[in-house]
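Okay, structure first, notes after.
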Amino acid sequence: GTSKRIKVLTRLTLVVSDPSHCNILRSTSANIRLFDIIAVFPKTEKLFHIACTTLDVDLVCINVTEKLPFYFRRPPVNMAIDRGIYFELLYTPAIKDSTMRRYTVSNALSLMQICKGKNIVISSAAERPLELRGPYDVANLGLLFGLSESEAKAAVSTNCRATILHGETRKSACGIVYTVKKPRKVEEEETTLPAFKKAKTQA
């Protein structure tokens, strides 16, 4: 049989350390809209709040390589979930370094206390092929992050597809395009009627 073609998606990840950086994402630039997935990496609590509540993005990246400089709060996290935004956790740092493993697990558990395992995506950020892991191994890592078995599986499957769909919706600007059939005029209907129906209508 014929195999399906691999679809390569594009992604923009913007590291924001100042509120002015958010203006790039607020712009209506056509270049921004070209990316299939837009992610933001907020460095402060204020920027995390902005990312969750106002920015038109698909992913909010969680820092896993160092101790978080702020605590997660329920209102912005819940608003991000309501807006269909997902939180991205990286697993490669956890398998490369014991110190970063502690930060990864600690930061992930802090997030889980607030989001209750909802809207989580686990990615690799691998720089070399040997750093990649299979989906079942990654799902098992999700258990260490405080996810349930079903939530861990979703973090490497259905949540990833939902993120892509969120990006498609964002790119289409208004989300769903509705098509409405234009009503035809009486004259147009008469010209398209078959000859025998015309005769009946004229009789």
Within the stretch 21-39, does at least one residue satisfy the condition of being within 24 Å of Phe145 (Cβ to Cβ), crowded, with 18+ Cβ neighbours inside 10 Å and over 16 Å from the mean Cα position of the chain (by Cα)? no
Taking only the stretch 67-86 into account, find how many residues are under 26 Å from Met100 (Cα atoms), part of a loop (DSSP other than H, G, I, E, B) and without any contact (Cβ under 8 Å) to a residue 40 or more places away in the chain. 3
Which pairs turn up if I take residues in the stretch 132-146 that are of a type in the set (S, T, N, Q) and look for partners that are in a helix (DSSP H, G or I) with beta carbon separation below 9 Å, at least 6 apart in sequence or on another chain? Asn140/Ala152
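Of the residues that make up the stretch 32-46, is at least one small (Gly, Ala, Ser) and not in a strand (DSSP E or B)?
No, because not a single residue in the stretch 32-46 is small (Gly, Ala, Ser) and not in a strand (DSSP E or B).
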For Phe87, work out the one condition from (1) more than 27 Å from Leu132 (Cα to Cα); (2) touching a Leu at 6+ places or on another chain (Cβ under 9 Å) it doesn't fulfil. (1)
Picked from the stretch 54-87 (must be modelled with pLDDT under 95 and of a type in the set (S, T, N, Q)), the residue farthest from Ala108 (Cα to Cα) is Thr54
Any residue in the stretch 110-119 that is under 30 Å from Asn31 (Cβ atoms) and either touching a residue at least 24 places away in the same chain (Cβ under 8 Å) or part of a loop (DSSP other than H, G, I, E, B) (or both)? yes
Does the stretch 87-100 contain at least one residue that is in contact with a Gly (Cβ under 7 Å, 6 or more places away or on another chain) and assigned to a helix (DSSP H, G or I)? no
Return a yes/no flag: does the stretch 11-24 have any residue that is at pLDDT below 85, over 16 Å from Ser123 (Cβ atoms) and assigned to a loop (DSSP other than H, G, I, E, B). no
Being part of a loop (DSSP other than H, G, I, E, B) and surrounded by 14 or more Cβ atoms within 10 Å (Cβ to Cβ) narrows Val60, Val64, Val138 down to just Val64
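The values are calculated or read from the model by the stated rules, or taken from the named source; none is laboratory data. Because the structure is a prediction, the values reported are computed rather than measured. Quick reminder, even Gly has a Cβ in these numbers, built from the backbone with ideal geometry, and neighbours come from all protein chains shown.
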